1. If the convex hull of the alpha-carbon atoms of the range 26-145 is projected onto planes in all directions, what is the mean projected area in square nanometres?
2. Among residues other than Glu152 whose Cβ falls under 9 Å from its Cβ, what is the net charge (Lys/Arg +1, Asp/Glu -1)?
3. If you place +1 on the Cβ of every Lys and Arg, -1 on the Cβ of every Asp and Glu, and leave all else neutral, what size is the dipole of the range 3-159 about its Cα centre, to the nearest 20 Debye?
4. Can you give the translational diffusion coefficient of the range 174-224 in µm²/s, computed by Stokes-Einstein from the Kirkwood radius over Cα pairs at 10 °C and 1.306 mPa s?
5. Where the centroid of each part is defined by its Cα atoms, how far is the range 48-96 from the range 120-138 in Å?
6. Only one of the listed values, [x] 17.5; [y] 18.4; [z] 19.2, was derived from the coordinates as Kirkwood radius over Cα pairs in Å; which label is it?
7. Quick check: net charge around Gly48, other residues with Cβ under 15 Å of its Cβ, Lys/Arg +1 and Asp/Glu -1?
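Please treat every number below as a calculation from the coordinates, not as lab data. Keep in mind that what you see is a predicted model, and the values were worked out from it rather than measured. A quick note on method: Cβ atoms are made from the backbone with ideal geometry, for glycine too, and the neighbour counts reach across all protein chains shown.
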Amino acid sequence: MAPIIGAVGGGDATGARQTTVDTSTMTERYVEPPINDAADVLNTIQDGQLLVFPAGTFRWEETAVVTANNWGIRCNPRTKFEVPAGLGDDSNGLLLRTIVNNDVADNFLLENLWFQSPGRAAPGMRLGVETNAHVDRLHYDLDGPQSQGPQENALSVLVTEPSGTLRIDNFRQYNNGDIGGYAGGESRIGIFAGQRNQGTIHLRNPVLQGFPNNACYVSRQPGR
């Protein structure tokens, strides 16, 4: 079996941010408050759009489904998304899906997504990509559940093309859950790569702690 995933340390001493996705070809679309649910805005993303969120706190309670190409979400460093307490604990807690059956998003950027909650919660994302995507600074700033029931994985990832790459930089969660709440293998995992992965998943500078399951779990699969 080929190497399955890399988690490497280090960083750019200059502090410069580099992305594998060329956003210069995208049209910036600015979000104007008030909005009822961030998922409602995300569900309207079209090919070639870069959704820009200003500083502030926004509710995110439903599942956004985006299978567009050449798109992105860029948030101000002071943007916060609040999810309901209990989301993802023995219930559907997906915030974003970029793969639905054979429909898969491609060439997308997720930057500065920061989630919080008034209580314990287990929000998650299922990110599928064909050839190229970049996630930079995804933070779950909340405590995970302490129940014995199934919980949503923080991040489930899949690259459909053998030549494709999903790069994940600075992914962070101090889950602080019940370390004994394994729930028969159905409790929360930090990042999960399943058997369908064909391409490369590059995990850089992750900080994942306090999960009742694995912080990082990779199934036997043909990718790297």
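1. Numbers: hull surface 27.6 nm².
Here the figure is 6.9 nm², rounded to one decimal.
2. Values: positive: Arg188; negative: Asp89.
So the surrounding residues net to 0.
3. For the range 3-159, the charge dipole is close to 280 debye.
4. On the way: Rh = 11.9 Å.
Approximately 134 µm²/s, per Stokes-Einstein.
5. Here the answer is 10 Å between Cα centres.
6. Identified label for the calculated read-out: [x].
7. Residues near Gly48 contribute -2 overall.
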